[in-house]
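Just below is one structure, and these are the notes that go with it.
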Amino acid sequence: MSPISDADLDRFEGHLESWDCSNLWIIFHDYSARSCAKWIPQSTIRNAVRRGGIFARANLNFTIDDNQVPDPRFGADSGDFFAIPDPDTLVPVPYRPGLARVHSWMRTESGEPWEGCPRTQLAAQLDRLAEHGLSARVAFEPEFSLYHAGPDGSLIPADQHAMYSVDRVSDDFDLLARIEQALVAQNVEVIQIGSEYGKGQVEINIDHSTPIKAADDLLIMRDTVRAIARDAGLVATFMPKVDAAAAGNGLHVHLSLWDADGEEDRSTGDGPLGLSAEMSHFIGGVLAHAPAICGVAAPTVNSYKRLQPASWAPAHISYGEGNRSALVRIPGSSRRRLEFRSGDNTSNPYLLLTALIGAGLDGLDNQLDPGQPAGEDLGHASQQELDAEGIRFLPRSAGEALDAIEHDETVMAALGPVCGPELLRVKRYELARYEVEVTDWERNVYMERV
Ligand code: GLU
Ligand code: MG
């Protein structure tokens, strides 16, 4: 996060030249994780990189569909923040020849790190982890669905192929190959691409890396997939639940603990499920703060249509070895890690990891015990069985989830004095607008019966 030196600038310009890029997007992400850019032409790149892209703070008080909240903290008179490029993240955008993109740190007008920056808040949690002699590696598993327009203009799944079959990846070969090549060119390491179980549904697994790079890469991936699909006349959506019958699109997060240098595995040990004591406590923290993390990881009304019992997405607070119904799955391999499964792509991944790691740190500090792992799919358990085991539901609605964030001091402290309250303000306004809508479902059910 140190200021950009002349040597950095020379290197920066050298890269642009070698890629033949004369345009730059300086990108930041708001609390809904929308990629927002200032397009900088060649003649002003040097100045703009030093000074940063200038954005109105008011940007941060708009909902995902461009509605300003009624009670903004950042109104028209709230000034600017500066998006200072992080030179390590400069990459060419292969599907827009001549263009490069770079992630940024949001800074105040006087050049100080700003607590309203999700990337900065994540960096602060990583510093806290380093004070414990630890670092984390993270990999995201995003799912999305491909649609095309039917004869009446409505969107229909791009194919009807069977789950996990080669037919989808075969029919979509050109599209997926273009996406894969574009990701690799942007320094995003793809591990595998698969047909998921929903119609037109695809999953692209991205390699493990530092938490900040993992979130950066996920956001590049979402932009790349949507843009290349649009260029091909398709719609790629990461929306958690497109309709009641469709498979959900999740965003599972894999996290492992390492020593501060990232050399020595600190997740695996001789405790229950082959976990180290540190990883056990970390999971204890994640489970203790699960409702609030879930709020950050799944902050929209649509998220809770996905998090239903017996759906392959978790609805309860539990962990288990190899158990895909559990909130925290310990994948079955000799080297241990956790997989947090309730998140979706309506989240801001920097804030998601900030909440997850903040909660894990609370588990480490207070030596929290994760309790007994769940061996079965809790989605099929009766309320009596759940009560007997002391197993709680995750939040059942966006309202409940957003309240859970607000009531969780640990998660609010990790999000900080701007990102926490402003995430809540924006997402609560989105929810308030939904709550006064009358849907087709209501008309179909009530109109002629009541
Ligand atoms: N699509 C499921 C979800 O919404 C996950 C399926 C899987 O385990 O990959 O989380
Ligand atoms: Mg999947």
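The values are calculated or read from the model by the stated rules, or taken from the named source; none is laboratory data. All of these numbers come straight from a predicted model, not from anything done at the bench. Please note: Cβ atoms are built from the backbone with ideal geometry, for glycine as well, and neighbour counts cover all protein chains shown. Please note that ligands, DNA and RNA were not included when accessible areas were found on the heavy atoms of the full protein model with its side chains. Shrake-Rupley method; radii C 1.70, N 1.55, O 1.52, S 1.80 Å.
Looking at region 48-71, which of its residues are buried (at least 19 other Cβ atoms within 10 Å of the Cβ) and not hydrophobic (A, V, I, L, M, F, W, C)?
Within region 48-71, GLY52, GLY53, ARG57, ASN61, THR63 meet the criteria.
Just give me the residues in region 123-132 being closer than 19 Å to ASP365 by Cβ and in a helix (DSSP H, G or I), in sequence order.
Within region 123-132, ALA124, GLN125, LEU126, ASP127, ARG128, LEU129, ALA130, GLU131 meet the criteria.
Of everything in region 183-218, what is basic (Lys, Arg) and either within 16 Å of ligand 1 (Cβ to nearest atom) or modelled with pLDDT under 95 (or both)? Give them in sequence order.
We begin by selecting, within region 183-218, every residue basic (Lys, Arg); these are 199, 213.
Selection gives LYS199 alone.
Of everything in region 128-141, what is surrounded by 23 or more Cβ atoms within 10 Å (Cβ to Cβ) and either polar (S, T, N, Q) or within 15 Å of ligand 1 (Cβ to nearest atom) (or both)? Give them in sequence order.
If the condition is that a residue be surrounded by 23 or more Cβ atoms within 10 Å (Cβ to Cβ) and either polar (S, T, N, Q) or within 15 Å of ligand 1 (Cβ to nearest atom) (or both), then PHE140 is the only one that fits.
When both residues are 6+ apart or on different chains and their Cβ atoms are under 7 Å apart, which pairs have a first residue that lies in region 56-70 and is under 20 Å from ILE27 (Cβ atoms) and part of a loop (DSSP other than H, G, I, E, B), and a second that is among the small types (Gly, Ala, Ser) and open to solvent by less than 60 Å² (accessible area, probe 1.4 Å)?
ILE64/SER32
Those residues that are open to solvent by 20 Å² or more (accessible area, probe 1.4 Å) and either outside any loop (DSSP other than H, G, I, E, B) or on the phi < 0 side of the Ramachandran plot (or both), I need them from region 90-111; list them, please.
Hits for region 90-111 are PRO92, PRO94, TYR95, ARG96, PRO97, TRP105, ARG107, THR108, GLU109, SER110.
Within the set of pairs 6 or more residues apart or between chains, which connect a residue that is touching a residue at least 60 places away in the same chain (Cβ under 8 Å) inside region 377-390 to a residue that is surrounded by 15 or more Cβ atoms within 10 Å (Cβ to Cβ) and in a loop (DSSP other than H, G, I, E, B) with Cβ atoms less than 7 Å apart?
Between residues of region 377-390 that are touching a residue at least 60 places away in the same chain (Cβ under 8 Å) and residues that are surrounded by 15 or more Cβ atoms within 10 Å (Cβ to Cβ) and in a loop (DSSP other than H, G, I, E, B), the close pairs are ASP377/SER325; LEU378/SER318; LEU378/SER325; LEU378/ILE391; GLY379/PRO309; GLY379/SER311; GLY379/ALA315; GLY379/SER325.
Quick one: how many residues across region 192-207 are more than 10 Å from ligand 2 (Cβ to nearest atom), open to solvent by 30 Å² or more (accessible area, probe 1.4 Å) and in contact (Cβ under 8 Å) with a residue 24 or more places away in the chain?
The qualifying residues number 3.
Given the structure, is SER135 among the hydroxyl-bearing types (Ser, Thr, Tyr), within 16 Å of ligand 2 (Cβ to nearest atom), within 20 Å of the chain's Cα centre (by Cα) and part of a strand (DSSP E or B)?
Against the criterion (among the hydroxyl-bearing types (Ser, Thr, Tyr), within 16 Å of ligand 2 (Cβ to nearest atom), within 20 Å of the chain's Cα centre (by Cα) and part of a strand (DSSP E or B)), SER135 does not qualify.
Please indicate, with yes or no, whether at least one residue in region 143-166 is within 30 Å of THR268 (Cα to Cα) and in contact with a Gly (Cβ under 9 Å, 6 or more places away or on another chain).
Checking region 143-166: at least one residue is within 30 Å of THR268 (Cα to Cα) and in contact with a Gly (Cβ under 9 Å, 6 or more places away or on another chain).
Report every pair of residues separated by at least 6 positions or lying on different chains whose Cβ atoms are under 7 Å apart, first residue within region 247-271 and more than 16 Å from ligand 1 (Cβ to nearest atom), second β-branched (Val, Ile, Thr).
Pairs found: LEU255/VAL138.
Do we have ALA297 as within 16 Å of ligand 2 (Cβ to nearest atom) and over 24 Å from LEU368 (Cα atoms) here?
Working: within 16 Å of ligand 2 (Cβ to nearest atom): yes; over 24 Å from LEU368 (Cα atoms): no.
Considered against the rule, which asks whether it is within 16 Å of ligand 2 (Cβ to nearest atom) and over 24 Å from LEU368 (Cα atoms), ALA297 comes out as no.
List pairs: first residue in region 118-137 and more than 16 Å from ILE283 (Cα to Cα), second residue at pLDDT below 95 and of a type outside the set (D, E, K, R) anywhere in the structure, Cβ distance under 8 angstrom, at least six positions apart or on different chains.
Within 8 Å, the pairs are THR120/MET1; ALA123/MET1.
Read through the list (1) within 16 Å of ligand 2 (Cβ to nearest atom); (2) assigned to a strand (DSSP E or B), then give the number of the only condition that MET221 fails.
For MET221, the exception is condition (2).
If I ask for residues that are in a loop (DSSP other than H, G, I, E, B), closer than 18 Å to SER276 by Cα and either open to solvent by less than 30 Å² (accessible area, probe 1.4 Å) or not acidic (Asp, Glu) (or both), which ones from region 234-264 would you list?
Of everything in region 234-264, those that are in a loop (DSSP other than H, G, I, E, B), closer than 18 Å to SER276 by Cα and either open to solvent by less than 30 Å² (accessible area, probe 1.4 Å) or not acidic (Asp, Glu) (or both) turn out to be ALA260, GLY262.
Among the residues of region 380-409, write down those that are farther than 16 Å from PRO314 by Cβ and surrounded by fewer than 20 Cβ atoms within 10 Å (Cβ to Cβ).
Those that are farther than 16 Å from PRO314 by Cβ and surrounded by fewer than 20 Cβ atoms within 10 Å (Cβ to Cβ): SER382, GLN383, GLN384, GLU385, ASP387, ALA388, GLY390, GLY399, ASP403, GLU406, HIS407, GLU409.
Of the residues that sit in region 308-323 and are touching a strand residue (DSSP E or B) at 6+ places or on another chain (Cβ under 9 Å) and within 16 Å of ligand 2 (Cβ to nearest atom), which one is least open to solvent (accessible area, probe 1.4 Å)?
Within region 308-323, the match that is least open to solvent (accessible area, probe 1.4 Å) is PRO314.
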